[in-house]
Amino acid sequence: MKIGFLFPGQGSQSIGMGKELYEKYEKVRSMYDKVKEITNVDIAKISFEGPEDVLNQTKYTQLAILTMSLSILEVLKENEIFADESAGLSLGEYSALINAGVFSLEDGIKIVQKRGEYMQELLPEGDWKMAAVIGMTDSQVEEVCKKVIKGFVVPANYNAKGQVAISGEKEAIEEAEQIAKEMGAKRVVILNTAEPFHTEKLINSSISLKKELDNVELNDFKVKVYKNIDGELYSSNDDVKNILAQHIVNPVRFSKTIENMLNDGIDTFIEIGPGKTLSGFVKRTNVDKEIKLLNINDVNSLNETIDYIKESR
């Protein structure tokens, strides 16, 4: 068995996420308490009670998803379940880097808090949207974006085979949706985010984040981690801080990440945090290998995962 951890990103949040785990496990409660102590944000209250318009604010969303993922990791560690490799979608890369020991827990939490604040507060004026285009190739989606004349829109997340998220101005997204359907897209789904993530429009966020990262000490990798920026493993020669700053203004290459994990022999994927989106991406990508997909987002799925791993060893 070769295990890969997957950590979700923004858009997977929902009111009540993590509440059942919080009530069941002392390790989970301790993590939420620690995040509150470090950030001065009661992320448990926001995660469990909302309201939705507060949870969906980027500065809280990212912290909420990170906290849930980190708290689940504590229970997995207690049960001696570890990853051979890991990856995260956008924000999720920070969960992977904290798990790999690259960031200390405190530094990682502080950086994610700052990242969320900058990505929310340093946006240019505009009405922004993101949408997932389903049933088209990467190059077809790129062509769709080039055909749009009503505003700014570009591919932002290459999620999986046949699914690419686009990001840009609301009017441009709507035009892209029409063009995509005319060109044969199966569906276009508006996402639960309203910022031009992973585009040049976040350049000010990128610059500010780099300044924060420059003040943080990084450690050696204890677990292999894949980069969003190119879908490849981090190497010892990589400038992690610069990569993370550039990550904000460049597309996420998650489909490439999954391909590389599969090619490297990962046969058991565990998605750690709210939702099952990344497991869906793995299903779309994997065509010929027998793999196991596990999700942990509540007490039942956590217990099932622990039991499966222990029985399979």
Report yes if some residue within segment 98-114 is more than 20 Å from the chain's Cα centre (by Cα) and of a type in the set (D, E); otherwise report no. no
Output the residues belonging to segment 190-202 that are modelled with pLDDT under 95 and β-branched (V, I, T). I190, T193
For residues that are assigned to a helix (DSSP H, G or I) and of a type in the set (F, W, Y), scanning just segment 19-41, find the one that is farthest from G116 (Cα to Cα). Y22
Qualifying residue in segment 29-47 (condition: out of contact with any helix residue (DSSP H, G or I) (no Cβ under 6 Å at 6 or more places or on another chain) and closer than 17 Å to N303 by Cβ): no
For residues that are over 14 Å from S167 (Cβ atoms) and among the acidic types (D, E), tally how many sit in segment 177-229. 5
Sort out for me the helices (runs of 4 or more DSSP H) sitting completely within segment 47-143 that have 1 or more residues that are at negative phi and touching an Asp or Glu at 6+ places or on another chain (Cβ under 6 Å). 58-78, 105-121
Can you tell me which residues in segment 1-51 are of a type in the set (V, I, T) and in contact (Cβ under 8 Å) with a residue 60 or more places away in the chain? I3, V35, I38, T39, V41
Regarding segment 159-169, can at least one residue be identified that is in a helix (DSSP H, G or I), out of contact with any Gly (no Cβ under 6 Å at 6 or more places or on another chain) and at pLDDT 95 or above? no
Conditions: (1) under 22 Å from I270 (Cβ atoms); (2) in a helix (DSSP H, G or I); (3) more than 17 Å from the chain's Cα centre (by Cα). A44 meets all but one. Number of the miss? (1)
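The values are calculated or read from the model by the stated rules, or taken from the named source; none is laboratory data. Because the structure is a prediction, the values reported are computed rather than measured. Neighbour counts run over all protein chains shown; Cβ positions are idealised from the backbone, glycine included.
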